[in-house]
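Just so you know, all these numbers are worked out from the coordinates, no wet-lab data involved. In this text, all values refer to a predicted model and were calculated from it rather than measured experimentally. Because the Cβ atoms are built from the backbone with ideal geometry, glycine has one as well, and the counts that use them run over all protein chains shown.
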Amino acid sequence: MYVAVKGGERAIENAHRLLADKRRGPRDVPELTPAQIDEQLSLAVDRVMSEGSLYDRALAALAIKQARGDLIEAIFLVRAYRTTLPRFGYSHPLDTGAMQVRRRISATYKDLPGGQVLGPTFDYTHRLIDFSLMEQDAVPAPATAPHAAQTAMPRVADIIGSGDMIEASPPDEGAPVSDLTRDPLAFPAPRDLCLQNLARGDEGFLLALGYSTQRGYGRNHPFVGEIRLGEVQVEVEVEGLPFAAPLGAVTLTECQMVNQFVGSKTEAPKFTRGYGLSFGQCERRAMSMALVDRALRAGEFEEERKGPAQDEEFVLSHSDNVQATGFVEHLKLPHYVDFQAELALLREMRGENHASHPEAAE
Amino acid sequence: MTDLSHLTAQRREAMALLAVALRPELETPLAERWADLAFRPLRAPETGLVMLRGRIGGDGAPFNLGEATMSRAVVELDSGERGFGQVLGRDARMAQFGALLDALFQREPESVERHVLAPIRARVARQASQTQAETAATRVDFFTLVRGED
């Protein structure tokens with residue numbers, strides 16, 4: 001336990017002034033603008049929005065600037081800002097089926113209806129440092145190709161599902177939706193609560209857990225049924241309006257993972273699924289989320305829980321990097337009284353030790 | 001009844017355009033054409049949060065994905081029309097502009113259509129078409145290769 005201390009005001013003030021100076025860096029280098037961060041470090045912005053659990057690009061970009069690029073610090077700032085605002089309401093559930101798709105790939109069907117488009121991806125790049133980016137060269141405009149008005153792109157689960165080969169999504173029965181921002185975590189956690197927790201969970205944590213399932217700590221044989229990226233319209237009910245008000249679009253990444261089949265004496269085996277959804281372009285996190293979602297469903301399928309990724313209390317209690325960093329970093333705060341107590345205890349033990357075994361001390 | 005639902009659909013489409021407008025696309029025509037508009041605020045412009053919901057599996061039961069900032073405002077023109085404005089983000093003035101134009105759309109739809117909505121619709125369509133053309137250029141066809149030993 002840490003204790004309150006007094007003093008140090010001047011040192012703290014000067015430390016923060018020094019921080020501001022270091023944030024700015026040498027004055028002969030042009031200062032970053034939030035717009036540059038938003039446009040040119042856009043995937044960092046996407047991550048801060050996702051884990052800050054607040055969709056607001058300009059705000060996330062500003063937080064990244066303030067945090068000197070420390071993304072967890074930026075996420076912390078966004079979470080803190082969020083608590084200053086009232087909640088007006090809840091959107092209608094976002095319809096990812098009606099997404100204006102900018103990227104869509106499948107690892108299970110090469111000729112899926114609606115086709116595959118790569119969009120802006122790091123996939124198939126050679127991961128060689130591009131030294132030409134040292135210079136501010138003009139970048140060629142993207143290639144274009146004739147396109148028809150976008151046709152519906154069915155979800156891969158619907159394609160497989162047409163033959164009853166894959167489990168259906170749990171139906172919307174109008175039940176109240178869990179909200180971890182209003183109620184503390186409780187176990188066992190329903191799937192909606194798990195997904196909310198994972199959606200704002202630390203990407204590195206989710207990635208490691210997802211990876212662990214692939215390496216055998218709760219194996220579930222995943223295939224990427226589909227990943228899609230694009231814009232989805234937001235609608236919200238407004239008191240006094242006879243229809244749902246359109247608010248504009250948000251960018252989302254969705255991952256449909258198709259996993260090994262489960263069956264029973266009464267039911268034919270079928271593929272199971274894991275689901276990932278993220279703000280912005282966050283493919284790695286959407287995939288990791290889908291892997292962990294499926295792993296956490298071990299109980300539902302009566303699978304033996306053999307890996308950490310299948311342990312919902314472990315996963316959900318440690319996924320939040322703001323909570324995690326708060327608890328880890330609080331160790332820096334003064335623990336003088338605690339430590340003095342430990343020290344006194346240790347001295348006492350050693351004194352007793354010395355008294356009962358004088359030879360051991362020599 | 002069909003007339004009413006037709007009007008509702010038109011107003012909804014107008015609102016969707018107002019929600020994605022750039023600031024000058026609303027501010028400039030309001031200043032140029034409706035500078036002396038008489039109205040009273042029913043809900044002062046304010047910024048808050050909306051919880052965005054997804055669906056499990058994309059089409060199943062809802063879950064809370066995360067919040068977004070949004071701004072909203074409600075106005076009533078002296079001629080009686082009530083306008084609602086709401087946008088994603090923290091620019092509460094945009095919600096106010098949207099509310100004024102939603103009210104004006106009910107009073108003088110042709111004028112709002114010509115001076116406000118049509119330019120926004122054209123820009124949005126142009127951008128969507130460009131994005132779709134860029135996306136289409138990355139359409140891929142994978143071929144499955146036969147493995148050697150078989």
Karplus 3J(HN,Hα) series, Hz, for the range A:120-136 with 6.51 cos²θ - 1.76 cosθ + 1.60 (x for Gly, Pro): x, 9, 7, 4, 6, 7, 8, 6, 9, 4, 9, 5, 5, 6, 4, 9, 8
For the pair A:LYS265 and B:ARG23, the simple spin-label estimate (label points 7 Å beyond Cα toward Cβ) gives in nm 6.9 nm
Which order, highest average first, do A:241-254, A:207-220, A:121-134, B:59-72 follow once you tally other Cβ atoms within 10 Å for each residue and take the mean per peptide? B:59-72, A:241-254, A:207-220, A:121-134
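Could you line up A:SER169, A:SER264, A:SER288, A:SER317 from fewest to most neighbouring Cβ atoms inside 10 Å? Intermediate values should be presented prior to the final figure.
Details: A:SER169 18, A:SER264 9, A:SER288 29, A:SER317 14.
Starting with the residue having the fewest Cβ neighbours, the order is A:SER264, A:SER317, A:SER169, A:SER288.
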Once phi for every residue in the range A:26-39 is put through the Karplus expression 6.51 cos²θ - 1.76 cosθ + 1.60 (θ = phi - 60°), the whole-Hz ³J(HN,Hα) values, with Gly and Pro written as x, are x, 6, 7, 9, x, 6, 5, 9, x, 5, 5, 5, 4, 8
Please determine, in degrees from 0 to 90 and to the nearest 10, the orientation of helix A:42-52 with respect to the longest principal axis defined by the Cα atoms of chain A, where the helix direction is its Cα long axis. 70 degrees
Jot down the radius of gyration and Dmax of chain A, Cα atoms only, both in angstrom. 25.5, 91
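Based on other C-beta atoms within 10 Å, arrange A:LEU77, A:LEU112 from fewest to most. Don't skip to the answer; put the middle values down first.
Details: A:LEU77 21, A:LEU112 18.
Ascending number of Cβ neighbours within 10 Å: A:LEU112, A:LEU77.
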Which one, B:LEU30, B:ALA125, A:CYS282, is farthest towards the positive end of the dipole of the protein assembly as shown when Lys and Arg carry +1 and Asp and Glu -1 on their Cβ? B:LEU30
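B:ARG126 to B:ARG139: extension gain in nm, 0.36 nm per residue of separation minus the Cα-Cα distance?
Values: separation 13, 0.36 × 13 = 4.68 nm, distance 2.03 nm.
Extra length from B:ARG126 to B:ARG139 when fully extended: 2.6 nm.
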Computed, not fitted: 222 nm per-residue ellipticity of chain A from DSSP H runs ≥ 4 (each -39500 (n - 2.57)), nearest 500, equal to -11500 deg cm²/dmol
Just for the protein assembly as shown, what percent of DSSP beta bridges are antiparallel, to the closest 5? 90 percent
Test of understanding: ordering B:SER111, A:SER162, A:SER50 by Cβ neighbours within 10 Å, fewest first, what list do you get? A:SER162, B:SER111, A:SER50
By how many degrees, between 0 and 90 and to the nearest 10, does the Cα long axis of helix B:118-136 differ from the longest principal axis of chain B? 10 degrees
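For the range A:9-82, state the average projected area of the convex hull of the C-alpha atoms over all orientations, rounded to one decimal in nm². Working shown, then result.
Details: hull surface 21.2 nm².
Averaged projected hull area, Cα only: 5.3 nm².
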With angles folded into 0 to 90 degrees, how steeply does helix A:283-296 sit against the dominant principal axis of chain A? Use alpha carbons for both and round to 10. 80 degrees
Roughly how big is the range B:2-128's charge dipole about its Cα centre, with Cβ charges of +1 (Lys, Arg) and -1 (Asp, Glu), in debye to the nearest 20? 380 debye
Need the list of aspartates and glutamates near A:LYS65 for cross-linking: C-alpha distance under 17 angstrom, and skip anything on the same chain fewer than eight residues off. A:ASP21, A:GLU31, A:ASP38, A:GLU39, A:ASP46, A:GLU51, A:ASP56, A:GLU73
Inter-label distance for B:GLU13 and A:GLU300, nm, one decimal - labels placed 7 Å from Cα along Cα-to-Cβ: 4.0 nm
Work out from phi, with θ = phi - 60° and the Karplus expression 6.51 cos²θ - 1.76 cosθ + 1.60, the ³J(HN,Hα) of each residue of the range A:83-91, listed in order in whole Hz, and give x for Gly and Pro. 5, 8, 10, x, 9, 7, x, 10, 6
P(r) for the range B:2-128: what percent of alpha-carbon pairs falls in each 5 Å bin, starting at zero? 2, 11, 18, 21, 18, 14, 9, 5, 2, 1, 0
Give me a single rounded figure for A:251-261: the average over its residues of other chain Cβ atoms within 10 Å of their Cβ. 1
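Calculated FRET efficiency, A:PHE243 and A:TYR336, Cβ-Cβ r, R0 45 Å, to nearest 0.05? Walk me through the intermediate numbers first.
Numbers: r = 61 Å, r/R0 = 1.37.
Plugging the Cβ-Cβ distance into 1/(1 + (r/R0)^6) gives 0.15.
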Dividing the mean separation of Cα pairs under 8 Å (6+ apart) by the residue count of chain A yields a relative contact order in percent of 19 percent
Apply the Debye scattering formula to the range A:1-160, with a single equal point scatterer on each alpha-carbon and no solvent, then give log10 I(q)/I(0) at q = 0.09, 0.12, 0.17, 0.19 Å⁻¹. -0.54, -0.87, -1.29, -1.37
Using modelled amide H (1.01 Å from N, peptide plane; none on Pro or chain starts), what sits under 5 Å from the amide H of A:GLN116, excluding residues fewer than 5 places away? B:VAL140
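Gain in length, A:ARG23 to A:LYS6, computed as 0.36 nm per residue apart minus the alpha-carbon separation, to one decimal in nm?
Working: separation 17, 0.36 × 17 = 6.12 nm, distance 2.74 nm.
Once the chain is fully extended between A:ARG23 and A:LYS6, it gains 3.4 nm.
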Taking amide H positions as placed 1.01 Å from N in the peptide plane, with prolines and chain starts having none, which residues 5 or more places from A:ARG103, or on another chain, fall under 5 Å of its amide H? A:LEU229
Once amide H atoms are placed 1.01 Å from N in the peptide plane, what residues at a sequence separation of 5 or more from B:LEU52, or on another chain, have their amide H within under 5 Å of its amide H? A:SER91, B:LEU65, B:GLY66, B:GLU67, B:ALA68
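Hey, with R₀ at 22 Å, roughly what FRET efficiency would B:LEU42 and A:ARG182 work out to, going by the Cβ-Cβ distance, to 0.05? Could you put the intermediate results ahead of the total?
Details: r = 28 Å, r/R0 = 1.29.
FRET efficiency, B:LEU42 to A:ARG182: 0.20.
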The range B:2-128: relative contact order from alpha carbon pairs under 8 Å, six or more residues apart, as a whole percent, is 25 percent
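Any idea what the relative contact order of the range A:9-82 is, in percent, if you count C-alpha pairs under 8 Å spaced at least 6 apart?
Working: 62 pairs, mean separation 19.9, N = 74.
Computed value for the range A:9-82: 27 percent relative contact order.
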